[in-house]
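First comes the structure, then the notes that go with it.
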Amino acid sequence: MEPILQVKNLNYIYSIGTPFEHQALKDVSFCVHRGEFIGIIGHTGSGKSTLMQQLNGLLKPTSGSVILDGQDIWSDKKLTRQARFRVGLVFQYPEYQLFEETVYKDIAFGPGNMGLGREEIDRRVREAAGFVGLTDEQLLSSPFDLSGGQKRRVAIAGVIAMEPEVLILDEPTAGLDPAGRAEILGNIESYRKAKNATIMMVSHSMEDVARLTDRLMVMNGSQLAMDGTPGEVFTQAERLVEMGLNIPQVTQVFLRLRKMGLPVENVYTLEQAVEALKALKGGCAHA
C-alpha cells in the first residue's frame, strides 16, 4: 500500500543567520498510511509542534520534503494550498481561535474557503457537528456562550468539516476534565472510522496514546528517536525515562509481571495487570 504521507530527510531551522538560530528538526523521515492512528510524544521543545506544522504546509522545510499522495507539497503553490485542506491541523487550545457570531458559521469557515457550494457546506457542517456531538440548537448559538469543552468541539468540527484525509491534533484534550477528555477522544475515533482517515495526535498522556493508538512516534532532541507500536516503544522504559518521559501505569505493572516470570499475554488494562499482580503476591499489590 502506498503511503498517503511521506517525510524525507526533513530539516527545519528557525531564525537562520541570527543569534537566535535553532534547529528544530534534524533529518526526520517516516511514512504514514491511510487509517493509521499515530501518537506523537516527546518532551517540550523536542520538535513535535514544528513537525506537525510542516505536514500541512504552514512551515516550509529548510531542506527535505513532505510528500502527499506522491507529490511534494512545495513543488507547486496549488499543491501547498491543497495540502492545507487535505491535512487538517487542530492547534492546542483551538477554542481561542473561534471568531464567528454563530457555531454554524465558525464550522463553515473552512469549507467556505474551499470554494464549495452552499448545499455541500451545509452537509459538511452538520455532519462534522454530529461527529463531535453538537446539536442543531447549538449550531445557532454564539460559540462564546458555550462551555470550554463545547468550544473545543466546535474548533475540531471546523477542521473536520474540511474532511481532511489526515487529521493532526496537538494536545486535543489539554485542560479538560476526564469526562471531556473521553468525549473528545471518542469524537476523534468516530471520525477516523467513518472516513478511514489518518489521525496523528500529539499528547502528553501516556495512558491515552497507549490505549488508543496503533503506532507511536517519539521525538527527542529535534529527531525522530523511536517509531513502533505502543508495546514496542513503552517496553523501552529506561530509554524513555532518559528522554524525560514516563510510561503508562499499565506498562509499569506489565513489566513487573514479566520480570517476575508471570504470563502476561492476556493483560490489556491497568486493572487486569493489578489483579494479576495481587494474585501473584497473595492479594496485596500497588500499581
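Just a few scattered comments:
- Total residues in segment 77-108, condition aromatic (Phe, Trp, Tyr), under 17 Å from Met162 (Cα atoms) and outside any helix (DSSP H, G or I): 1
- Residue in segment 86-94 that is at positive phi and modelled with pLDDT of 95 or more present: no
- Where a residue in segment 21-32 is in contact (Cβ under 8 Å) with a residue 60 or more places away in the chain and among the basic types (Lys, Arg) and its partner, wherever it lies, is outside any strand (DSSP E or B) and surrounded by 20 or more Cβ atoms within 10 Å (Cβ to Cβ), with Cβ under 7 Å and at least six apart: Lys26/Ser222
- A search for C-beta distances below 8 Å between a residue of segment 135-155 that is in contact (Cβ under 8 Å) with a residue 24 or more places away in the chain and closer than 18 Å to Leu185 by Cα and any residue that is buried (at least 20 other Cβ atoms within 10 Å of the Cβ) and of a type in the set (S, T, N, Q), counting only pairs 6+ apart in sequence or on different chains, returns Arg153/Asn187.
- Check on Arg211, modelled with pLDDT under 90, surrounded by 16 or more Cβ atoms within 10 Å (Cβ to Cβ) and under 14 Å from the mean Cα position of the chain (by Cα): yes
Let's see how each residue does on (1) β-branched (Val, Ile, Thr); (2) under 23 Å from Met52 (Cβ atoms); (3) surrounded by 17 or more Cβ atoms within 10 Å (Cβ to Cβ):
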| site | (1), (2), (3) |
| --- | --- |
| Arg118 | no, no, no |
| Gly133 | no, no, no |
| Gln150 | no, no, yes |
| Ile156 | yes, yes, yes |
| Ile168 | yes, yes, yes |
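- Lone unmet requirement of (1) surrounded by fewer than 20 Cβ atoms within 10 Å (Cβ to Cβ); (2) within 13 Å of Ile41 (Cβ to Cβ); (3) modelled with pLDDT of 90 or more; (4) not β-branched (Val, Ile, Thr) for Glu137: (2)
- Residue satisfying condition, being crowded, with 19+ Cβ neighbours inside 10 Å, more than 19 Å from the chain's Cα centre (by Cα) and either at pLDDT below 95 or among the small types (Gly, Ala, Ser) (or both), within set Ala128, Ala108, Ala83: Ala108
- Counting only helices (runs of 4 or more DSSP H) that sit completely within segment 143-244, those holding 1 or more residues that are among the small types (Gly, Ala, Ser) and in contact with a helix residue (DSSP H, G or I) (Cβ under 7 Å, 6 or more places away or on another chain) correspond to 148-160, 178-195, 206-212, 237-242.
- Any hit, segment 6-26, residues being touching a strand residue (DSSP E or B) at 6+ places or on another chain (Cβ under 9 Å), buried (at least 16 other Cβ atoms within 10 Å of the Cβ) and not in a strand (DSSP E or B): no
- Taking segment 46-72 as the range and being farther than 18 Å from Arg34 by Cα and assigned to a loop (DSSP other than H, G, I, E, B) as the test, the residues that pass are Ser46, Gly47, Gly57, Leu58, Leu59, Lys60, Pro61, Thr62.
The values are calculated or read from the model by the stated rules, or taken from the named source; none is laboratory data. Just so it is clear, the model here is predicted, and its values are computed rather than measured. Neighbour counts are summed over all protein chains in view; Cβ atoms, including those assigned to glycine, are modelled from backbone coordinates with ideal geometry.
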